[in-house]
Amino acid sequence: MARLFAKELDFLAAAPRRRMVAPGSGRRHERVTAPLVTYSALARALDDFPQRGLLGEDEAEERVYFNANTPSSGVICGVQGAGKSHTVSCILENALLQDERIGNLPQPLAALVFHFDEQDGDRACEAAYLSMPSQHFDDGAHVRRVTVLASPSNLNGRRRAYRSLPNVNVQPLYLAESDLTASRMLALMGWSEANIEAMPLYMHTVMQILRDMGNDGFNYSEFKRQLELQQFDMKQKLMLGHRLRLLDGFLAPGRSSLSQYFGCGAMVLVDLTDPFMDGLMASVLFDIVLGSFMGWKSATGKIVVLDEAHKYLTNSDSARLNKSIASIIRQQRHLATRVIIATQEPTVIPATILDLASFVICHRFTSPSWCSHLARHVSTGTDSWFEDVMRLATGEGLVFSPSSLTMPEDEEEEDAEPVLLGKDYLRVHVRPRLTRDGGASLMAVALDGVGSALDAIDQEENSSRPGTPVADYSPVSWTPAPPLPQPLPTLRQVFAAVPLTPKLTSDGGASLLAASHVGLEPAPHAASPDSSRPPSTPPPRPQYIPHVAAVSKPVPLTPRPSPPAASQKLKPKAVAKRQVDPRFKPLVTVLQRHSGSQVNFSQVAEAPELNHLRRSKNWFKAYIQEAKAGGVVRTGKGKGDELWVELVES
């Protein structure tokens with residue numbers, strides 16, 4: 001009997017030794033797949049982290065690195081102005097820029113960023129500022145290829161928003177037939193599992209046609225031909241025509257696939273800011289671009305960033321984009337993909353994604369509901385982080401990452417090995433950016449280190465003129481880093497020449513309470529900065545003096561006109577355009593399409609613009625009642641007691 005199982009026992013006895021040597025198992029596997037790592041742990045196994053980028057410093061002034069070599073996923077949350085977008089941009093720099101000051105990156109990744117806003121302001125997405133060098137460093141580090149894909153209906157508006165940024169190419173988002181599949185067509189036409197009970201009857205025919213055509217080799221022309229052969233009534237043809245016209249706006253005959261824009265070291269920014277688009281439609285288009293990005297073959301790796309995710313994500317596991325993101329995170333090791341989600345509202349992120357995230361970075365917020373929501377999904381052995389997160393300064397964040405690496409308290413021992421962070425968390429001071437920071441807070445009156453709104457307008461006008469330099473650069477000297485075993489100076493010691501509150505915009509910018517950059521290789525311990533070299537100071541900011549035209553002589557006052565006679569007919573005064581509640585803008589759009597005439601309830605309820613409201617059985621009745629109470633519409637009964645609705649004249 002013993003001889004029968006001898007080989008099995010020999011294998012088990014040798015297994016522990018194999019785990020210490022085999023590159024894909026045991027403790028070494030824990031090291032190489034750690035999403036974040038502190039410097040002390042990094043120094044013990046430098047060869048296991050060939051691609052790493054500096055993220056910031058912890059409370060003990062020990063550097064914390066982002067492991068760009070392994071697939072991971074992260075959620076970054078916090079209130080506006082707390083540093084979310086800055087942290088996202090630093091991670092993108094770590095994935096795209098080959099610069100020794102922030103780490104080591106032999107193989108840059110390919111980046112895809114999603115951005116959406118219903119308010120059509122002339123403001124670019126902050127991630128696009130990676131194309132512009134920082135004004136504090138003279139070497140001009142930046143991403144040299146940034147492509148912005150914008151909604152065709154708002155292409156000119158987006159080009160105005162990005163015109164002041166160099167190396168940015170704004171193109172319309174057109175889909176090729178090769179980018180479409182049967183499942184994506186269903187999503188574009190408003191079908192989802194959440195509203196299957198309220199789905200119009202003609203959509204069942206559409207589903208049958210798509211099912212017959214198959215999921216591969218989809219042909220849009222053949223799809224439209226099949227629809228024309230169906231016996232739809234006039235009402236069904238009208239609603240189907242609306243959906244197809246919306247789809248035609250994003251299709252261009254002979255267009256190349258979206259994969260032409262992707263590349264290693266390049267960033268594709270899908271900016272669907274458009275007053276005629278809602279979050280539901282934006283998420284469907286994001287999902288199509290994401291599918292094309294995942295189908296594109298990369299020799300190195302990929303990173304996907306969902307910027308301001310609360311504007312288009314919903315807390316539903318059945319939503320199409322949510323399912324795609326969760327699927328990518330589950331398979332991230334096989335897809336070589338990193339996923340970063342930034343949001344002001346962590347409650348919109350489904351529990352599935354939060355539970356799968358490799359790390360969560362919480363910037364400052366004070367909402368108890370956010371704390372209780374995150375507490376169910378982050379691993380921590382204490383509730384004291386509730387108070388810590390409320391006291392965070394701008395640029396600081398609490399990092400929860402059980403699989404990240406740090407050193408134990410007895411790390412001075414020679415045989416000490418890196419350990420997992422587990423239930424502990426780090427308080428990290430995020431580093432400054434190598435590229436321009438476009439997230440400055442604009443004040444009515446400029447303060448020291450904080451720009452005013454007038455400064456931003458002047459900068460935009462100047463940067464859009466031909467021959468005008470984009471920015472003035474303040475040269476900062478960098479100390480080269482010697483070999484590794486020696487202790488590294490702190491960031492504050494290396495960058496004593498950098499202003500404590502660096503300016504973020506080209507003319508003034510906002511102060512950033514974060515440590516400065518540094519390379520990975522260690523330098524001799526610096527007791528103090530070189531006093532023989534005067535610190536570089538930013539150029540003086542020109543004072544804005546408004547021009548007042550001189551008046552040569554007093555202007556005579558005109559006599560007040562006499563009131564008109566009672567018999568005179570007074571012309572009505574111009575009335576300002578009525579402001580409509582944002583909730584009712586989709587309804588107004590649907591009714592305006594019918595030239596303000598009376599429209600049947602059923603016809604309005606099936607409009608694709610209102611798909612995102614289908615959450616309950618009586619959703620439409622309640623929605624119309626609210627619009628009627630707000631003075632937006634009026635209702636009535638027509639022939640056959642059919643209910644109608646029309647716009648109230650403003």
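The values are calculated or read from the model by the stated rules, or taken from the named source; none is laboratory data. Predicted model only: the values in this text are computed from it and were never measured. No Cβ is skipped: glycine too gets one built from the backbone with ideal geometry, and neighbour counts run over all protein chains shown.
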**Prompt:** Picking from LEU109, LEU92, which residue would you name as being in the same structural domain as LEU272 (by TED's automatic domain parsing), crowded, with 23+ Cβ neighbours inside 10 Å, at pLDDT 95 or above and touching a Gly at 6+ places or on another chain (Cβ under 7 Å)?
**Reply:** LEU109
**Asked** Looking only at strands (runs of 3 or more DSSP E) that fall completely inside the range 352-438, which ones have 3 or more residues that are over 30 Å from ARG144 (Cα atoms)?
**Response** 396-400, 425-430
**Message:** Condition (residue is outside the structural domain of ASP388 (by TED's automatic domain parsing), part of a helix (DSSP H, G or I) and either over 14 Å from VAL268 (Cα atoms) or touching an Asp or Glu at 6+ places or on another chain (Cβ under 7 Å) (or both)) applied to the range 132-153: is it met by at least one residue?
**Reply:** no
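crowded, with 16+ Cβ neighbours inside 10 Å and at pLDDT below 80: does that describe VAL580? Break it down into steps so the answer makes sense when it comes.
Numbers: crowded, with 16+ Cβ neighbours inside 10 Å: yes; at pLDDT below 80: yes.
In short, yes.
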**Item:** Selection count where residues are part of a loop (DSSP other than H, G, I, E, B) and buried (at least 23 other Cβ atoms within 10 Å of the Cβ), scope the range 117-131
**Value:** 2
